[in-house]
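The values are calculated or read from the model by the stated rules, or taken from the named source; none is laboratory data. In this text the structure is predicted, and so the values were computed from the model without any measurement. Methodologically, a virtual Cβ is constructed for each residue, glycine included, from the backbone with ideal geometry; neighbour enumeration extends over all protein chains shown.
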Amino acid sequence: MTRPHIGFGAFLSPLHPPGENPTLQMWRDLELVEWLDQLGFAEAWVGEHHSGGWGTIGSPEIFLAAAAERTRHIKLGTGVTSLPYHHPFMVASRIVQLDHMTRGRVMLGVGAGSSPGDAHMLGIAPGEQRRMTGESLEVVLGLLAGRAPVTRETDWFTVRDARLQHRPYHREGIEVAISSAASPHSMQLAGRHGLSPLSFASPRPGGTAPDLRRQWAYAQEAAEANGTTVSRDDWRLVVNVYVAESRQRAMEDLRAGAAAWMRGYFGDIVGLPVDALGIEPGREIEALVKSGAAIVGSPEEVTESIENLHASSGGFGKLLVTGADWASRENARRSLELLARYVAPQFDGSLRGFEDSRDWVVSHRTEFVTQAIGAFQKAFTDSGVAAPQLPVPVPDAPRSL
């Protein structure tokens, strides 16, 4: 059976339930990125939050600089830098510096910002955030391209003859991704500028799953209208994923944490009327799995769910797994290890050579074993000793398609 090729990474907001030492939370997040690197995950994205008590990283660039010193291979992305919160020149300047500090391992993820509290403190009207994102993005991309000085004046920033002293570390530049939830705006920006879309595939509690095929169509239509290209290979989907030895074990591992997240974060902070959704207390994780907000189960079950997601979306290039302290530290690390050991190899092509070699040996085993038996018996007869009788080999198995 041929499965789609999918790369794996992690999207860490990160969100943590209040009540823990925030300094130690940051150290645990750095430790988690180290673990992802050791397991061979391709990338890790870290977000920006300034209010609400759950999102603990205010500067993903500072966090990723520290993470880069602890890791060797994993690519590191801002997930995301909220463009309306920053002058675009500083966004471009910081990410290029980080690009050099990581020797080209950095990615710039951008978005409009998702926290009303953050926007309020900065004096930004929610209705202006998408416009501001588009204006900033044009300047950031122009600065990263470095082809000409950038001059632009808006009601919230000005750049005059702006250029960066550093150029991106690699000649092909820095990959820029833009986050998308449900509206067409970000996917259209991705298509207009030829960026990598980063879509949240999990619905909010009580909501419906986003129409991912329609989301991709927004990007494709905008690309065609603007003479650019977008590729599904560059499309990342963000999903809550948890793997355990069995589905029952996985559900029990997540039960308390999922309830705290749904009622503490979405209920108390976001203001979602969780009780009105008819979700039975203590069975929040069942509701999340049923709605498609989480992929949970054994390696085989998670593999099947990822295949189904790939088919229903029309295809994507990378799956970014996320979570919000739903499981204990030890169980979360174990889940990522099981994902890396048993699920990711089903999609990343690393097993193909072994499977082909196994099938080849099995399909020729009669020939190989017969030759080996003959050589073994000849060793006896050449020594003048009667050769023992050995069992006849099992016939060759049919070759796999």
Worksheet, complete the sentence: In the set ARG147, ARG192, ARG167, ARG249, the lone residue that is free of Cβ contacts under 8 Å to residues at least 12 places away in the same chain and more than 30 Å from LEU277 (Cα to Cα) is ARG147
Discussion item. Among the residues in the range 334-346, are any in a helix (DSSP H, G or I), touching a residue at least 60 places away in the same chain (Cβ under 8 Å), touching a Phe, Trp or Tyr at 6+ places or on another chain (Cβ under 8 Å) and among the basic types (Lys, Arg)?
Written reply: no
Worksheet item: Just wondering, is there one or more residues in the range 179-190 that are in a loop (DSSP other than H, G, I, E, B) and over 21 Å from the mean Cα position of the chain (by Cα)?
Response: no
Fill in: Unmet criterion (only one of (1) within 24 Å of the chain's Cα centre (by Cα); (2) part of a loop (DSSP other than H, G, I, E, B); (3) under 20 Å from LEU198 (Cα atoms)) for THR228
(1)
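Sort through ARG204, ARG130, ARG171, ARG160 and tell me the only one that's within 26 Å of the chain's Cα centre (by Cα) and not in a loop (DSSP other than H, G, I, E, B). First the steps, then the outcome.
Working: ARG204 fails: not in a loop (DSSP other than H, G, I, E, B); ARG171 fails: not in a loop (DSSP other than H, G, I, E, B); ARG160 fails: within 26 Å of the chain's Cα centre (by Cα).
After ruling out the rest, the residue left standing is ARG130.
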Worksheet item: With (1) within 18 Å of GLY9 (Cα to Cα); (2) free of Cβ contacts under 8 Å to residues at least 12 places away in the same chain as the list, and GLU330 as the residue in question, which single condition is left unmet?
Response: (1)
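Does ALA324 meet the test of being buried (at least 16 other Cβ atoms within 10 Å of the Cβ) and of a type in the set (A, V, I, L, M, F, W, C)? Give the derivation first.
Numbers: buried (at least 16 other Cβ atoms within 10 Å of the Cβ): yes; of a type in the set (A, V, I, L, M, F, W, C): yes.
The answer is yes for ALA324.
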Fill in: Residue within the range 72-92 that is without any contact (Cβ under 8 Å) to a residue 40 or more places away in the chain, in contact with a Leu (Cβ under 8 Å, 6 or more places away or on another chain), within 29 Å of SER350 (Cβ to Cβ) and of a type in the set (Ser, Thr, Tyr) present
yes
Worksheet item: Within the range 64-87, how many residues turn out to be touching a Phe, Trp or Tyr at 6+ places or on another chain (Cβ under 6 Å) and under 21 Å from ARG152 (Cβ atoms)?
Response: 1
Discussion item. So if I check each of VAL243, VAL238, VAL230, which one is closer than 22 Å to LEU12 by Cα, hydrophobic (A, V, I, L, M, F, W, C), in contact with a helix residue (DSSP H, G or I) (Cβ under 8 Å, 6 or more places away or on another chain) and modelled with pLDDT of 95 or more?
Written reply: VAL243
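Taking the options SER305, SER298, SER313, name whichever one is farther than 20 Å from ALA332 by Cα and surrounded by 18 or more Cβ atoms within 10 Å (Cβ to Cβ). Break it down into steps so the answer makes sense when it comes.
Details: SER305 fails: farther than 20 Å from ALA332 by Cα; SER298 fails: farther than 20 Å from ALA332 by Cα.
So the residue among SER305, SER298, SER313 that is farther than 20 Å from ALA332 by Cα and surrounded by 18 or more Cβ atoms within 10 Å (Cβ to Cβ) is SER313.
Confirm whether GLU286 is out of contact with any Phe, Trp or Tyr (no Cβ under 9 Å at 6 or more places or on another chain) and either in a helix (DSSP H, G or I) or surrounded by 17 or more Cβ atoms within 10 Å (Cβ to Cβ) (or both).
On the way: out of contact with any Phe, Trp or Tyr (no Cβ under 9 Å at 6 or more places or on another chain): yes; either in a helix (DSSP H, G or I) or surrounded by 17 or more Cβ atoms within 10 Å (Cβ to Cβ) (or both): yes.
Taking the combined requirement at face value, the residue satisfies it.
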Worksheet item: So which residues in the range 234-248 are surrounded by 14 or more Cβ atoms within 10 Å (Cβ to Cβ) and charged (D, E, K, R)?
Response: ASP234, ARG236, ARG247
Response to the item:
ILE279 vs (1) more than 30 Å from ALA219 (Cα to Cα); (2) out of contact with any Asp or Glu (no Cβ under 7 Å at 6 or more places or on another chain); (3) part of a helix (DSSP H, G or I): all pass except (3)
